[in-house]
1. Could you tell me whether any residue of the range 99-121 is assigned to a strand (DSSP E or B) and over 14 Å from residue 10 (Cβ atoms)?
2. Pairs only if they're at least six apart or on different chains, beta carbon under 8 angstrom, first in the range 94-108 and under 15 Å from residue 26 (Cβ atoms), second of a type in the set (S, T, N, Q) and surrounded by 14 or more Cβ atoms within 10 Å (Cβ to Cβ); list them, first residue then second.
3. Show the residue pairs that are 6+ apart or on different chains and have beta-carbon atoms under 6 Å apart, the first residue being within the range 11-35 and on the phi > 0 side of the Ramachandran plot, the second being among the small types (Gly, Ala, Ser).
4. If I ask for residues that are outside any strand (DSSP E or B) and more than 15 Å from the chain's Cα centre (by Cα), which ones from the range 70-97 would you list?
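The numbers here are math on the coordinates, done by the rules we state, and not lab data. All of these numbers come straight from a predicted model, not from anything done at the bench. Here the Cβ positions follow ideal geometry from the backbone for every residue, glycine too, while neighbour counts run over all protein chains shown.
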Amino acid sequence: MSAKVWVLGDAVVDLLPESDGRLLPCPGGAPANVAVGIARLGGISGFIGRVGDDPFGALMQRTLLTEGVDITYLKQDEWHWTSTVLVDLNDQGERSFTFMVRPSADLFLETTDLPCWRHGDMANGYISVQLRCLPSLRVPAHLLR
């Protein structure tokens, strides 16, 4: 049996400036990228997190699903927008990030959004976690109980 890797954290839409001044929306966020990378390498992955009930949230859902990531526990938040980040490069090629939406849906992940795993359900699974601040920061501790 192959292990499923559950990735818990943020799903972000990166806005990349194009030469004509337009912004290209690209699915991103380190945890979402990890889930996609695992699936592309032939692994089994799932994503646990929140996106807004908005066009960027729909983009994240479609992308993860298309990439073969289990999105059963990707929740749509009707009160908060999907995290959106303007990505810029300086002359040295270093990236900078400007968060355009705060507070965003990913910050409101709750313990009630988590799967109801029973003892032994995670015997063949792993979790990768990246959450930055409250209230979502409480969620990893709940997983370890």
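1. Narrowing the range 99-121 to residues assigned to a strand (DSSP E or B): 99.
Subsequent filtering for residues that are over 14 Å from residue 10 (Cβ atoms) retains none.
No, the conditions are met nowhere in the range 99-121.
2. Going by the 8 Å Cβ cut-off, the qualifying pairs are 100/84.
3. Short answer, once both residue conditions are applied: 29/11.
4. Here is the first cut: in the range 70-97, the residues outside any strand (DSSP E or B) are 78-82, 90-94.
The answer is 78, 79, 90, 91, 92, 93, 94.
Residue-wise test of (1) of a type in the set (Ser, Thr, Tyr); (2) over 12 Å from the mean Cα position of the chain (by Cα); (3) more than 14 Å from residue 86 (Cα to Cα).
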position: 8; (1), (2), (3): no, no, yes
position: 15; (1), (2), (3): no, yes, no
position: 19; (1), (2), (3): yes, yes, yes
position: 22; (1), (2), (3): no, yes, no
position: 31; (1), (2), (3): no, no, yes
position: 57; (1), (2), (3): no, no, yes
position: 62; (1), (2), (3): no, yes, yes
position: 68; (1), (2), (3): no, yes, yes
